[in-house]
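S.K.: Have a look at the structure that comes next, please.
The values are calculated or read from the model by the stated rules, or taken from the named source; none is laboratory data. These numbers come from a predicted model, not from an experiment. Cβ placement follows ideal geometry from the backbone for every residue including glycine, while neighbour counts extend to all protein chains displayed. Side chains are part of the model used for accessible areas, which takes the heavy atoms of the whole protein and leaves out ligands, DNA and RNA. Shrake-Rupley method; radii C 1.70, N 1.55, O 1.52, S 1.80 Å.
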Amino acid sequence: MPTHDADYHLRRSPPTIAVVGATGAVGTEFLRILAEREFPVGELRLFASPRSAGKTLTFDGHDIGVEALSENGFAGADLALFSAGSGTAREWAPVAVRRGAIVVDNSSAFRMNPAVPLVVPEINAAEIARHDGILAVPNCAAIIAITPLWPIHRRNRIRRMTLATYQAASGGGAAALAELVAATRAHLAGDLYAPRVLPHPYAFNLFSHNTPIDPATGYNEEETKVIAETRKILADPGIRIGVTCVRVPVQRAHSAAITIECARPIDPGEARALIAAAPGCRIVDDPAANHFPMPNEATGIDDILVGRIRRDLSDPSGHSLSLFVAGDQLRKGAALNAVQIAEHLLP
Ligand code: A2P
């Protein structure tokens, strides 16, 4: 990977932007968020698999044709936003860098590479400046769980956390999202629906995350990512984490039930105030109305909703709290986080 100049910014604005995986669930969200945030866009090039070549997508009122990836496709590109899976990223991100682009990749391909910044801008934006051409967007469940924990961790170190996730279909891509809708329709109509994308019936059901289990630990790949990536983002290799990742029949917002144990005692009111003042988080914590974070209310918004902030009664020492969060998987969990990184790259 060639080293960029000491200046880590894009070489010009408005940049020529390549979106790789433009037809996917995250790719279409990239386009929406670039427009919404009025990100400066010079030329926009859209890439997907050869299956989609010739399709047209609309950006800012203009129809743009989708192309298959090619080396020449990146000629003159300044910024490449990738969300096309780790295989495609491994093959094509270095090509984009070679052609002069800075890559922000949503896949897991480069996340644990020590040379690649793994960035949640609210937490570690300073990492962006040390990129060498590629920056990685963390796993969506990790982003949504730890963005609200950071304001606590930076003042009162979280030494241990356990969490259970409730992950939406969108994390499995556009095809998983479509399967949830189709399987639910079939179920309600009394028809049989054989799962095609996910390994188990999805309508009115939930199942352990559909990634392979590591026989050495019993943890699935998603859980392993949450642990390793959280340690990297927080720059805290010693933080102890236990996690269970579950796929639930929700379209596009992940939730998580989290318990943290801090180095010093922590009061729920103090935690609530810290999170309320933190960027990217919104408190939804109304016990009288029993109104707490819900995926339907997290859908389509940028903030992660945080509530049920309470003492963990299993720890009488006062060091532990429990909370519940919900965040849009396609926005903060993926496309928004990538565009936020790109905003830091603007000259
Ligand atoms: P396509 O729609 O042509 O399959 P999702 O995460 O929603 O499944 O989307 C994945 C994105 O990655 C889609 O845009 C998909 O394009 C794209 N993609 C998948 N495989 C490749 C590939 N080999 N080359 C380029 N893009 C790919």
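S.K.: Hey, among 23, 56, which residue is free of Cβ contacts under 8 Å to residues at least 60 places away in the same chain, within 14 Å of the ligand (Cβ to nearest atom) and open to solvent by 10 Å² or more (accessible area, probe 1.4 Å)?
M.R.: 56
S.K.: Step by step: first the residues of segment 79-116, then only those that are assigned to a helix (DSSP H, G or I) and under 20 Å from residue 25 (Cα atoms), then the one that is nearest to the ligand (Cβ to nearest atom). Which residue is that?
M.R.: Ranking the candidates gives 88 first.
S.K.: A further question follows. Within segment 288-340, can you find the residues that are within 22 Å of residue 248 (Cβ to Cβ) and in contact with a Cys (Cβ under 9 Å, 6 or more places away or on another chain)?
M.R.: Passing the criteria: 303, 304, 305, 306, 325, 327, 329, 330, 332, 333, 334, 337.
S.K.: Still on this structure, I have one more. Somewhere in segment 297-317, is a residue out of contact with any strand residue (DSSP E or B) (no Cβ under 7 Å at 6 or more places or on another chain) and of a type in the set (Lys, Arg)?
M.R.: no
S.K.: Among the helices (runs of 4 or more DSSP H) confined wholly to segment 263-345, which include 1 or more residues that are free of Cβ contacts under 8 Å to residues at least 60 places away in the same chain and either of a type outside the set (Gly, Ala, Ser) or at positive phi (or both)? Before you say what the answer is, go through the steps one by one.
M.R.: On the way: elements: 268-276, 295-298, 336-345.
Where helices (runs of 4 or more DSSP H) fall fully within segment 263-345 and carry at least 1 residues being free of Cβ contacts under 8 Å to residues at least 60 places away in the same chain and either of a type outside the set (Gly, Ala, Ser) or at positive phi (or both), they are 268-276, 295-298.
S.K.: Scan segment 184-210 and report the pairs whose first residue is closer than 17 Å to residue 165 by Cα and whose second residue is of a type in the set (Asp, Glu) and assigned to a loop (DSSP other than H, G, I, E, B), with Cβ atoms within less than 6 Å and a gap of 6+ or a chain change.
M.R.: Cβ pairs passing all conditions: none.
S.K.: Please pick out the residue among 169, 235, 176, 182 that is outside the structural domain of residue 108 (by TED's automatic domain parsing) and open to solvent by 70 Å² or more (accessible area, probe 1.4 Å).
M.R.: Within the list 169, 235, 176, 182, the selection yields 235.
S.K.: Turning to a different aspect of this structure: On the basis of being within 30 Å of residue 180 (Cα to Cα), among the charged types (D, E, K, R) and surrounded by 13 or more Cβ atoms within 10 Å (Cβ to Cβ), does residue 223 make the cut?
M.R.: So residue 223 passes the test.
S.K.: Consider residue 242 against the criteria (1) open to solvent by 70 Å² or more (accessible area, probe 1.4 Å); (2) in contact (Cβ under 8 Å) with a residue 24 or more places away in the chain; (3) outside any loop (DSSP other than H, G, I, E, B); (4) not hydroxyl-bearing (Ser, Thr, Tyr): it satisfies all of them except one. Which criterion is unmet?
M.R.: Evaluating residue 242 over (1) open to solvent by 70 Å² or more (accessible area, probe 1.4 Å); (2) in contact (Cβ under 8 Å) with a residue 24 or more places away in the chain; (3) outside any loop (DSSP other than H, G, I, E, B); (4) not hydroxyl-bearing (Ser, Thr, Tyr) leaves (1) as the failure.
S.K.: Taking residue 189, is it open to solvent by 10 Å² or more (accessible area, probe 1.4 Å), among the small types (Gly, Ala, Ser) and not assigned by TED's automatic domain parsing to the domain that holds residue 244? Let's see the steps before the verdict.
M.R.: Numbers: open to solvent by 10 Å² or more (accessible area, probe 1.4 Å): yes; among the small types (Gly, Ala, Ser): yes; not assigned by TED's automatic domain parsing to the domain that holds residue 244: no.
So residue 189 does not fit the description; no.
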